[in-house]
Amino acid sequence: MQVNAYLNFGGNCAEAFRYYEKHLGGKIEMLMTFAQAPADLKTPAAWKDKVLHARLSLGDTAIMGADTENYQPMRSFYLSLTFDSDAEAERAYKVLADGGEVQMPIQETFFASRFGQCRDKFGTSWMVLHMKPAPVRA
């Protein structure tokens, strides 16, 4: 089994996925607009260019998303990105926090050499970290 996150956007899903692809090293595998849907799907003219379904591979998983009329920014849910180095974590945090809302600046914590939380300019909440080595148990 695999669990993937499905994100809703308020009309900027394509822009968000292109941003994630460019800055997080992902790859857009699918991006279908409402205009590309079967003709029997009744879509308001204003929504023809909005995203009906998108999929972005990111590391060894994927995130999916769509534009929705009932969009509200994420609350109490984060996508968590774990990196192999402090430098990678800091770089990703910087691009995700740019134009968004910093909830916790990236810093050292008791469990990670780098950890930070932000909501990006698209409304997606992120936790970015580089873990400290796990303690060796006797």
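Note on the stretch 1-14: among residues that are of a type in the set (S, T, N, Q) and part of a loop (DSSP other than H, G, I, E, B), the one that is surrounded by the fewest Cβ atoms within 10 Å (Cβ to Cβ) is Q2. Summed over the stretch 20-39, the residues that are touching a Phe, Trp or Tyr at 6+ places or on another chain (Cβ under 7 Å) and under 22 Å from K121 (Cβ atoms) give a count of 3. Restricting attention to the stretch 23-76, the residues being of a type in the set (F, W, Y) and either touching a Lys or Arg at 6+ places or on another chain (Cβ under 7 Å) or not in a loop (DSSP other than H, G, I, E, B) (or both) number 2.
Restricting the stretch 124-138 to residues that are assigned to a loop (DSSP other than H, G, I, E, B) and without any contact (Cβ under 8 Å) to a residue 60 or more places away in the chain leaves a set whose member that is nearest to the chain's Cα centre (by Cα) is K132. Of the candidates F34, F17, the single residue that is more than 27 Å from A92 (Cβ to Cβ), of a type in the set (A, V, I, L, M, F, W, C) and surrounded by 12 or more Cβ atoms within 10 Å (Cβ to Cβ) is F34.
Among the residues of the stretch 79-87, not a single one is touching a residue at least 60 places away in the same chain (Cβ under 8 Å), at negative phi, in the same structural domain as K132 (by TED's automatic domain parsing) and not in a strand (DSSP E or B). Applying a threshold of 8 Å to beta carbon distances and a minimum spacing of six or more residues, or different chains, the list of pairs starting in the stretch 104-123 at a residue that is over 27 Å from F17 (Cα atoms) and ending at one that is surrounded by fewer than 19 Cβ atoms within 10 Å (Cβ to Cβ) and of a type outside the set (A, V, I, L, M) reads F111/K132; A112/K132; S113/D86; S113/K132.
Exactly one residue among Q107, Q72 is within 17 Å of A5 (Cα to Cα) and surrounded by fewer than 16 Cβ atoms within 10 Å (Cβ to Cβ), and that residue is Q72.
So, K42, is that one farther than 21 Å from W126 by Cβ, crowded, with 17+ Cβ neighbours inside 10 Å, free of Cβ contacts under 8 Å to residues at least 60 places away in the same chain and of a type outside the set (S, T, N, Q) or not? So K42 fails the test.
If you take the residues of the stretch 89-123 that are touching a helix residue (DSSP H, G or I) at 6+ places or on another chain (Cβ under 6 Å) and outside any helix (DSSP H, G or I), which of them is nearest to F77 (Cα to Cα)? Checking each candidate, the answer is C118.
The values are calculated or read from the model by the stated rules, or taken from the named source; none is laboratory data. Because the structure is predicted, anything quoted here is derived from the model rather than measured. Reconstructed Cβ throughout: ideal geometry from the backbone, glycine too, with neighbour counts over all protein chains shown.
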